[in-house]
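Report on the structure given below.
No value in this document is a laboratory result; all are computed from the given coordinates. Here the structure is a predicted model, which is why all the values come from computation and not from measurement. Neighbour counts run over all protein chains shown; Cβ positions are idealised from the backbone, glycine included.
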């Protein structure tokens, strides 16, 4: 049974917030962002511990919801992974809390805990939100998740501009915008992720590496 996330912020308010941030955060010049593709891929592939703070919106014809996003991810040298994901509505109401240790996922919604080894299916069954979490840990860095993922690059900066993927037998497209230098890493801060009639918009206010 799907749990309705009634406390999520209306997407219209998110769009106003996005436009305000675009004015307040000037992007570095193209010259400072330019980096060879192979050099960047090697650099961000080694980036195995990160945290993002920002906002996320889910936009469909019959559903428009958004929330604050707090996502922490870590992978150790033995390929063990841990992550924590929070979606928070206005007034600090936590509408989704996730903690994962490898493929053991614990999701808390409306004060109840649920367990599964299939995170994407668990999130969808409880919230009705389609979120390709496993692939996004790579896509957010501008890296392919599957060997057949295809990336296009900006002609000036050589940074990823678009990614397409057949993830879970669904065609996904990721557009990258507004790169910033973060501790020497060139990382996108605006994402538009589409699959069929779903559009997920992510605005990263802060990367922490």
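Worth pointing out:
- Of the peptides 137-149, 101-113, the ranking by mean beta-carbon count within 10 Å, highest at the top, reads 137-149, 101-113.
- Mean separation of Cα contacts under 8 Å (6+ apart) over length of the stretch 89-209, as relative contact order %: 11
- Compared with the dominant principal axis of the Cα atoms in the chain, helix 11-24 is inclined by about 30°.
- With a Förster radius of 45 Å applied to the beta-carbon distance between residue 112 and residue 164, the computed FRET efficiency rounds to 0.80.
- Rg(Cα) / (2.2 N^0.38 Å) computed for the chain, rounded to two decimals: 1.00
- Taking label points 7 Å from Cα along the Cα-to-Cβ direction, residue 155 and residue 48 give a separation of 3.9 nm.
- Where a label projected 7 Å from the Cα of residue 124 along Cα→Cβ would reach, residues of the stretch 44-66 with amide N under 20 Å: 57-66
- Scattering from the stretch 112-202 was approximated by placing one identical point on each alpha carbon and applying the Debye formula without solvent; log10 I(q)/I(0) at 0.25 1/Å stands at -1.33.
- Extension gain for the segment residue 37 to residue 81, taken as residue separation times 0.36 nm less the Cα-Cα distance, is 13.2 nm to one decimal.
- Note on 153, 167: ascending count of other Cβ atoms within 10 Å places them as 153, 167, the fewest first.
- Helical content of the chain, expressed as a calculated mean residue ellipticity at 222 nm, amounts to -5500 deg cm²/dmol (DSSP H runs of 4 or more residues, -39,500 (n - 2.57) each, divided by residue number, nearest 500).
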